[in-house]
Amino acid sequence: MAGIVRTVNKLKPLQRNRIVLTQIVRSGGTWNKDWKPSVKVPKTEEEKAAAAAKYGMLPQDYETFPEDGTGHGDYPNLPPVSADSRDPYGNYDFPEYRRYYGEPVHLHVDMLGMDRYDANFKPRFTGTQQLGAFFGVMTVLFAAYIYLEDKKFHWPVMKKQYPGDGQVHYTFEPAE
């Protein structure tokens, strides 16, 4: 409780400048409440046209998410187009994101960035082809192992020399 009293006492001098603080708080930030998605999903054609205009879309292109309890409201259900798949030479307002100002973005825009998941990527080989190539390589390696298992692979070396085998392997006589 004492901590709350100290905090309130520290804020008392700021109440003198309440009007100035109110103006700073009101003008601080660039968030626009008109762009916030409405919780209510539009049902009529007039509501859909108004929601499409709110997001800068044509009414025939505007489509909402299904009402499944996720709470997306009137936000448009846009197709996932990754920034990597967009025109690299376009004159974008935000070239680092390949976006235009005021353009509605996908719900998962944080996942569709240049350094993230590319929803439009078409792999060179299908999953079945990749699986077949993997098992083909593994089969060849396994067959080579089975065939070469009993073969000896080593560096060629001389017979090991032991001191007690009756042969003289060295001498202290000077070489001639």
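Read the figures in this text as sums done on the coordinates, not as results from a lab. Given the structure is predicted, the values throughout are model-derived calculations rather than measurements. Every residue, glycine as well, gets a Cβ built from its backbone with ideal geometry; the counts of neighbours run over all protein chains shown.
Structure notes:
- Rough spin-label spacing in nm, given labels placed 7 Å along Cα→Cβ, for residue 53 and residue 141: 6.4 nm
- Under the Karplus curve 6.51 cos²θ - 1.76 cosθ + 1.60, θ = phi - 60°, whole-Hz ³J(HN,Hα) for region 131-137, x wherever Gly or Pro sits: 5, x, 5, 4, 5, x, 5
- Our coupling estimate for region 72-82, obtained by passing each phi through the Karplus curve with A = 6.51, B = -1.76, C = 1.60 and θ = phi - 60°, is 7, x, 8, 5, x, 8, 8, x, x, 10, 6 Hz, Gly and Pro reported as x.
- Solution diffusion estimate, µm²/s, Stokes-Einstein, region 97-146, Kirkwood Rh from C-alpha pairs, 4 °C, viscosity 1.567 mPa s: 88 µm²/s
- Amide H contacts of residue 64 (H built 1.01 Å from N, under 5 Å, at least 5 apart or other chain): 77
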